[in-house]
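Chemist: Sharing a structure here in structure tokens format.
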Amino acid sequence: MGPEEFRKGVQSYLKQYAFLATSAGEFLDTLSSSSKRNVTAAFSTFLNQAGVPIISVALDCAGGKATIQAEQERFLPLGSSGSADQKWNVPLCLRYGTGTTGQVQCTLLTQTSQRIALEGAKGCPEWVQANDRADGYYRVDYKGGLLNSLVAGDVQSRLPAAERAELLGNAQALSDAGRLPVADVLSLVETFHNDADRYVLQTAITLALAPQAHLVPDTLRPNYRRFLLRNFQNRATQSGWTPKPSESDDTRLLRAQIVRRVATAGGDMALADQAKDLSARWLADRTAVDANLQSSVLGTAAYYGDKALFDQMLAEFKNSKDKQIRQRLMDAMRSFRDHDAIEAGMNALIGGDIPFIEGAALLFSGQGEEATRKMPLEFLKSHWDAVVARMPTGGGFDFGTVLPQVGAGYCDVPSRDELRSFLAPRIGKFVGGPRALDQAIETIDLCIASRTAQEPGVAAFLAKY
């Protein structure tokens, strides 16, 4: 429809049904009447069924005529037991061309399998972008080398920023579904690691960090850090921890993300040491660190900190009445990897030094590291009665439904079974508790399936670093 037609349709709907009860169907019918387009049939397929479609696209240029074979099904992550047998009416807009220029062709995909002739193609296109302007609400599975062709050459001129960000997010989703090797996703990180757009670069960083929890073998941790540094260290070093006069808002907002990740996951000790120094200065003087960087600076210092630093942050937390300061300190206290510091946070929570509402997340600390991943469940086992006594209940919500997240870092069968055996007899007393446990177990199962399928490919990719 486009934004103007949509606005007119909404205005028409509001006038027609003012002070009346209406239905979703009447809203869609008004949009259709206003725009002279039947959007009701297509829109209803998205409103009235769960999930999101994934469209597989393959280019065929046999006989001198370019066509796209498009097939749709429900998108599901690898290991899911859900049914993929669903169908949508999908407004599908393709752009295809050569070099950096192309033309757009839109159609309504109504069948599970549909062949689309590229009417304006002169010969076989070099590339096909199957989600023009990133407007479509669907995933795309590019077949037969179409993904490589799309990102070859001057991709920043060929694809606007929204499409580049969508392409990266789509790649991560396809990897989660087992349709794209993680190694191919990490190759895209290499392509977009220095993108000029903040959103694209942040998405590339997110993709680069995705394997670290469960897909990187211990023997290849140094390689993984080199991968992160080779792709993002220069940008992080140029940015540094200190804002510069007259720099853009995007530069300021990106700094907090990229510098922290390079200093922690990337192991850049020069940036880490600077963060430690800045954190110490901030603890003595709240104006010592730019407001946009305080959480990142404190979190980086905590990442490398010990219990003595935790105790200092806890004392500052207890002495401060400023909600923003308390939130930044709480975020930092969740970032410790030191065993004693993590345990001190959990004890402070159930001991009353930290209000439960503010500090509940401390119960789930340490899950990002193999050495401390089991601490949340072990602590809950040892302090079940104390945790239950302090956690909030009522108002239609029991905090107990969050407790299965003590296993959010698990990705193996023994840990999954340990989580289930402990919580299954206890979680039923909380409203929604059994469902929350089932969801946590399903998440672990999906992680196990992904790890089994993807870890060898990640190892092969990192071996070159």
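The values are calculated or read from the model by the stated rules, or taken from the named source; none is laboratory data. Note that the structure is a prediction, hence the values are computed from the model and not measured. Here the Cβ is made from the backbone with ideal geometry for all residues, glycine too, and neighbour counts use every protein chain on show. Only protein heavy atoms, including side chains, enter the accessible area calculation; ligands, DNA and RNA are left aside. Shrake-Rupley method; radii C 1.70, N 1.55, O 1.52, S 1.80 Å.
Chemist: What do you reckon, is Ala41 of a type outside the set (Lys, Arg), more than 30 Å from Leu118 (Cβ to Cβ) and at pLDDT below 95?
Modeler: no
Chemist: If I go through region 417-433 residue by residue, how many of them are in a helix (DSSP H, G or I), open to solvent by less than 90 Å² (accessible area, probe 1.4 Å) and farther than 10 Å from Thr401 by Cα?
Modeler: 6
Chemist: Taking region 224-262 as the search range and keeping residues that are open to solvent by 80 Å² or more (accessible area, probe 1.4 Å) and not in a helix (DSSP H, G or I), which one is nearest to Leu207 (Cα to Cα)?
Modeler: Thr242
Chemist: Continuing with the same structure: Would you check which residues across region 1-51 are of a type outside the set (Val, Ile, Thr), within 23 Å of Thr110 (Cβ to Cβ) and not in a helix (DSSP H, G or I) and list them?
Modeler: Those that are of a type outside the set (Val, Ile, Thr), within 23 Å of Thr110 (Cβ to Cβ) and not in a helix (DSSP H, G or I): Met1, Gly2, Lys36, Arg37, Asn38, Asn48, Gln49, Ala50, Gly51.
Chemist: Taking region 83-109, which residues are open to solvent by less than 40 Å² (accessible area, probe 1.4 Å) and out of contact with any strand residue (DSSP E or B) (no Cβ under 7 Å at 6 or more places or on another chain)?
Modeler: Residue satisfying the conditions is Gly99 alone.
Chemist: Moving to a separate point now. Restricting attention to region 377-410, which residues are in contact with a helix residue (DSSP H, G or I) (Cβ under 6 Å, 6 or more places away or on another chain), assigned to a loop (DSSP other than H, G, I, E, B) and among the aliphatic types (A, V, I, L, M)?
Modeler: If the condition is that a residue be in contact with a helix residue (DSSP H, G or I) (Cβ under 6 Å, 6 or more places away or on another chain), assigned to a loop (DSSP other than H, G, I, E, B) and among the aliphatic types (A, V, I, L, M), then Met391 is the only one that fits.
Chemist: Still on this structure, I have one more. Within the bounds of region 290-302, is there any residue that is farther than 21 Å from Ile342 by Cβ, not in a helix (DSSP H, G or I) and not hydroxyl-bearing (Ser, Thr, Tyr)? It would help to see each step written out before you state the result.
Modeler: Filtering region 290-302 down to residues farther than 21 Å from Ile342 by Cβ leaves 290-294.
If we keep only those that are not in a helix (DSSP H, G or I) too, we end up with 290.
Now narrow it down to the ones that are not hydroxyl-bearing (Ser, Thr, Tyr): 290.
Scanning region 290-302, I find at least one residue that is farther than 21 Å from Ile342 by Cβ, not in a helix (DSSP H, G or I) and not hydroxyl-bearing (Ser, Thr, Tyr), so the answer is yes.
Chemist: Within region 63-115, track down each residue that is assigned to a strand (DSSP E or B) and of a type in the set (Val, Ile, Thr).
Modeler: Within region 63-115, Thr67, Ile68, Val90, Thr98, Thr101, Val104, Thr107 meet the criteria.
Chemist: Still on this structure, I have one more. Of the residues that sit in region 125-147 and are of a type outside the set (Lys, Arg) and in a helix (DSSP H, G or I), which one is surrounded by the most Cβ atoms within 10 Å (Cβ to Cβ)?
Modeler: That would be Leu147.
Chemist: Can you tell me how many residues within region 157-178 are open to solvent by less than 10 Å² (accessible area, probe 1.4 Å), among the small types (Gly, Ala, Ser) and not in a helix (DSSP H, G or I)?
Modeler: Qualifying residue count, region 157-178: 0.
Chemist: Condition (residue is part of a loop (DSSP other than H, G, I, E, B), within 13 Å of Gly240 (Cα to Cα) and open to solvent by 10 Å² or more (accessible area, probe 1.4 Å)) applied to region 268-288: is it met by at least one residue?
Modeler: Checking region 268-288: at least one residue is part of a loop (DSSP other than H, G, I, E, B), within 13 Å of Gly240 (Cα to Cα) and open to solvent by 10 Å² or more (accessible area, probe 1.4 Å).
Chemist: All but one of (1) closer than 14 Å to Lys381 by Cα; (2) under 26 Å from the mean Cα position of the chain (by Cα) hold for Ala449, so report the exception by its number.
Modeler: Failed condition: (1).
Chemist: Residue by residue through region 210-223, note down the ones that are open to solvent by 40 Å² or more (accessible area, probe 1.4 Å) and touching a Phe, Trp or Tyr at 6+ places or on another chain (Cβ under 7 Å).
Modeler: Gln212
Chemist: Determine whether Leu150 is touching a Leu at 6+ places or on another chain (Cβ under 8 Å), free of Cβ contacts under 8 Å to residues at least 24 places away in the same chain, open to solvent by less than 50 Å² (accessible area, probe 1.4 Å) and part of a helix (DSSP H, G or I).
Modeler: yes
Chemist: Which residue is surrounded by the most Cβ atoms within 10 Å (Cβ to Cβ), if the candidates are limited to region 341-358 and must be under 18 Å from Gly299 (Cβ atoms) and of a type outside the set (A, V, I, L, M)?
Modeler: Filtering region 341-358 for residues that are under 18 Å from Gly299 (Cβ atoms) and of a type outside the set (A, V, I, L, M), the one surrounded by the most Cβ atoms within 10 Å (Cβ to Cβ) comes out as Gly345.
Chemist: A further question follows. Give the number of residues within region 48-78 that are of a type in the set (A, V, I, L, M, F, W, C), at pLDDT below 95 and within 21 Å of Glu119 (Cβ to Cβ).
Modeler: Adding up the residues that qualify gives 1.
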